[in-house]
Amino acid sequence: KKTKKILILLLQFWKNYFNEPINKDKFKLINSLKNFFIKSEENTEIEISDLNILCGIMIEAANIDGSIDQKEIDKISNFLVYSFEEKPDDVQKEIDKCLNDLNNHKSLHFFTSKINKLYSNDKKIELIEILWEIILADGEIHDYESNLIRRLAGLLYLNDYECGKAKKKVLLKIGINE
């Protein structure tokens, strides 16, 4: 059905814009355009899993300082298995996939727009807490890590108070006094 609608729209566009009859060669061109739109539509409809979104944003957060160590990977794995109740094998596959895709960065907006659609405010705060724990896995908070959390909180529509409270909760949990 969509294919037919796309073809009709392209034919109407051609007729209105170029004001000339459609011959065999022009019809091939229109068919090529139709196929382009159909392929583009198929690519945008690829379902991205919750696990991919969560793992992707956690890997991005862990990599914000330029490296990801095993402690950070273990934390990400544990959070996904225990907090989000994902299967360990699925988590490991997704971590490997995200680590391999690290050079093909998806924007923070890509991840946060999906998270905003899928999760409640409480889950988003829990995610910020998890990200703080991942960032603090190496025992340090770098300026760019704090900046990342602030940007994420803004994109997740969380206010500064909620974000600060999440940070303090994590600091207390791991025994660091600010």
Note to self: Counting only other residues whose beta carbon sits under 15 Å from that of D96, what net charge do I get with K and R as +1, D and E as -1?
What the structure shows: -4
Next item on the list: Could you state how much accessible area V81 has, in square angstrom rounded to the nearest 10, with a 1.4 Å probe and all protein chains kept in place?
Entry: 30 Å²
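Please give the net charge around D122, taking every other residue with its beta carbon less than 14 angstrom from that of D122, where Lys and Arg add +1 and Asp and Glu add -1. The partial results should precede the final answer.
Numbers: positive: K123, K124, K165, K169; negative: E126, E129, E162.
The answer is +1.
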Checklist line | Neighbour net charge for F79 - beta-carbon separation under 15 angstrom, K R +1, D E -1 | finding: -4
Item checked: For the range 65-106, size of Cβ-based charge dipole, Lys and Arg +1, Asp and Glu -1, in debye -> 80 debye
Next item on the list: For the pairs K71/K168; K71/K117; K97/K123; K75/K168; K93/K124; K114/K167, note any where the Cα-Cα span goes beyond 27 Å.
Entry: K71/K117
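The values are calculated or read from the model by the stated rules, or taken from the named source; none is laboratory data. Predicted model only: the values in this text are computed from it and were never measured. Cβ sites come from the backbone with ideal geometry, for glycine too, and all protein chains shown count toward neighbours. Just so you know, the surface numbers come from the protein's heavy atoms only, side chains and all, with ligands and any DNA or RNA stripped out. Shrake-Rupley method; radii C 1.70, N 1.55, O 1.52, S 1.80 Å.
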